[in-house]
Each structure stands twice: as structure tokens, then as C-alpha cells.
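Notes follow the structure.
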Amino acid sequence: MEIFFNTFQEVCDGVKNAIRRRFDKRIYVHLPDTEARKHIFKQVRIGNTPKTISEKEFDDLAEAADGFSGSDISYFVKDALYEVVRAILRTKFFKRSGEKWVPCQGNEKGRVSLQEIDEKGEIQSLLLVLIEVPPCTVAHFEKVRKNQKATVTKDDLDVFHDFTEEFGIYG
């Protein structure tokens, strides 16, 4: 059994070497720094989505995501944007704002429940995307923050560094 394992390991190493030779360059790209993380949050992932997040709050989000990859930040933003939708789904009361329905508190004037909207025969219009989605806020990010974790560990970074030292270049 040991001979088979050693032989198998040598074959795997040989395959890895053959695959590694197929790449013209092996470039190590570091995890994003604070400014890059801020850019990913602000421009790449959130983009034109309605938001009320200040520059300072974007700075704080970028700091809180230290050690996150671009992909990690992407999932973080998606989860926060979904939180906006989840909040609408939890809403019990809406009020008219022009042609749209907006989520509101139970004590606001002009509020109606989904049942009351349905009694007025307007549930179809509500379901046809006539709900005005509130802007994304830093509170949405704070709510989902505890579920967000960096997927690249220190050990992973050490392996990448060692590989780059032996076979690649730094980008």
C-alpha cells in the first residue's frame, strides 16, 4: 500500500508540474488593500443601486473587510442588497407614494396592510413591481456582517507566497 501511495504521489506531482508548465506566467495577485476594497464595495458591486451610504461608511466597510478577497466582498454586498428585499418581505404595512407602494411603520398615517390592499383589488399591482425599494444603507451591511467571513486564510496566503517564490512573479 505504501508503494502505491508513493507512486501515486509522484504521478500527481508529475501531473502538477506538467500543468504548471502550460501557463506562460504565474502571477500572484495580492488580496485587495483598503482602497481597492472600498472601490469594490462602492463602484464594482453596489454601482448605481440606490443607496444612502456615506464616504466614511464606505471607508468603515472597507476596513471591516480586511482580509477579504474581491469574491468575498461580492458575496457580502449581495447579502446586504438581499437584506433590503428581505426587509420588504417582512414588512406588514405599506402606504401610497404616487404610483408606488412604500414600506412603512404600523403607526404611520395612510398605512394599509397587504390584506387591505388585497381587499381593494390592488394586490396584482403590488406584485407587479409597484413597491418602491428603499435604498441600501450601512445598516443592511451591519445586519449581515456577522455571516461574512474571509475565505482566504493565512495558511492559504503562505502557500501562494511560497509557490510564487518558487515558480511565479508578483503582480
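The values are calculated or read from the model by the stated rules, or taken from the named source; none is laboratory data. Just so you know, these numbers come straight off a predicted model, no measurement behind them. Here the Cβ is made from the backbone with ideal geometry for all residues, glycine too, and neighbour counts use every protein chain on show. In case anyone asks, the SASA skips ligands and DNA or RNA and just uses the protein heavy atoms, side chains included. Shrake-Rupley method; radii C 1.70, N 1.55, O 1.52, S 1.80 Å.
What to note about this one:
- Number of positions in the range 100-113 that are open to solvent by 50 Å² or more (accessible area, probe 1.4 Å) and under 22 Å from Cys136 (Cβ atoms): 3
- Counting only helices (runs of 4 or more DSSP H) wholly contained in the range 25-95, the ones carrying 3 or more residues that are open to solvent by less than 20 Å² (accessible area, probe 1.4 Å) occupy 55-64, 70-90.
- Members of the range 28-56 found to be of a type in the set (D, E, K, R) and under 16 Å from the mean Cα position of the chain (by Cα), listed by number: Arg37, Lys38, Lys42, Arg45, Lys51
- Condition met for Ile73 (within 14 Å of the chain's Cα centre (by Cα), among the aliphatic types (A, V, I, L, M), within 20 Å of Asn147 (Cβ to Cβ) and modelled with pLDDT under 90): no
- Residue tally, condition exposed (fewer than 14 other Cβ atoms within 10 Å of the Cβ) and at pLDDT 85 or above, over the range 114-138: 1
- Condition check for Lys146 on (1) surrounded by 15 or more Cβ atoms within 10 Å (Cβ to Cβ); (2) over 19 Å from His30 (Cβ atoms); (3) modelled with pLDDT of 85 or more: one failure, at (1).
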